[in-house]
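The values are calculated or read from the model by the stated rules, or taken from the named source; none is laboratory data. Since we're looking at a predicted model, the values are computed, not measured. We place every Cβ from the backbone using ideal geometry, glycine too, and count neighbours over all the protein chains shown.
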Amino acid sequence: MQITSTPLSAALRRLVVPGFVVLALSSSFSFVPAALFAQAKPRVVEIIGSDDMKYNTTSIAAKPGEQITIRITAKGTMPAVAMSHNVVVLALKTDPAAFVNAGITSRATEYIAPANKAQVLAATKLVANGQTAEVTFKVPAVAGSYPYVCTFPGHFAAGMKGTLLVKK
């Protein structure tokens, strides 16, 4: 069997360097590791926060090391000063009630106490009616139940919480 080469296939071979893919953008070339080029996009989890201070999704199943994007959309009629929502994923074994209570006066930091920032695995910004925010992160390697909460004052106590369930 004889393999022949066309000018097009020869040109493509010159663009593929072992382990790298060369992307031609405008008049410049960029080297991107082939492993990154082939990576799948993160799975997107859509969450809606409403005026009843509840998430429409209270459980997210994920695999250790998986990349996910949590996207929160606020739907309601109340003004931002009275009703905004976020999603804050907390470290394993974090007491969500104590975490939320510690941040109740921390308006400048999205109601997350600066001293507790290390307990946050991922967090969206606060969003008001009609707004959307998202955060992409790598799911922890350790299996377990990771709480997620809304830190806007009063929302956690009203039931705006959920669990990221990491299972192998």
If we ask which residues in the stretch 40-59 are within 12 Å of the chain's Cα centre (by Cα) and surrounded by 13 or more Cβ atoms within 10 Å (Cβ to Cβ), their number turns out to be 5
One residue is enough: does the stretch 146-160 have a residue meeting the conditions among the β-branched types (Val, Ile, Thr) and either surrounded by fewer than 17 Cβ atoms within 10 Å (Cβ to Cβ) or farther than 24 Å from residue 44 by Cα (or both)? no
Looking only at the stretch 120-137, decide whether some residue is farther than 17 Å from residue 156 by Cβ and of a type in the set (Phe, Trp, Tyr). yes
Those residues of the stretch 33-72 that are more than 14 Å from residue 127 (Cβ to Cβ) and either assigned to a strand (DSSP E or B) or at pLDDT below 95 (or both) come to a total of 19
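Which one of these is closer than 29 Å to residue 40 by Cβ and among the hydroxyl-bearing types (Ser, Thr, Tyr): 136, 109? If you could, list the steps in order and put the result at the bottom.
Values: 109 fails: closer than 29 Å to residue 40 by Cβ.
None of the others qualify; the one that does is 136.
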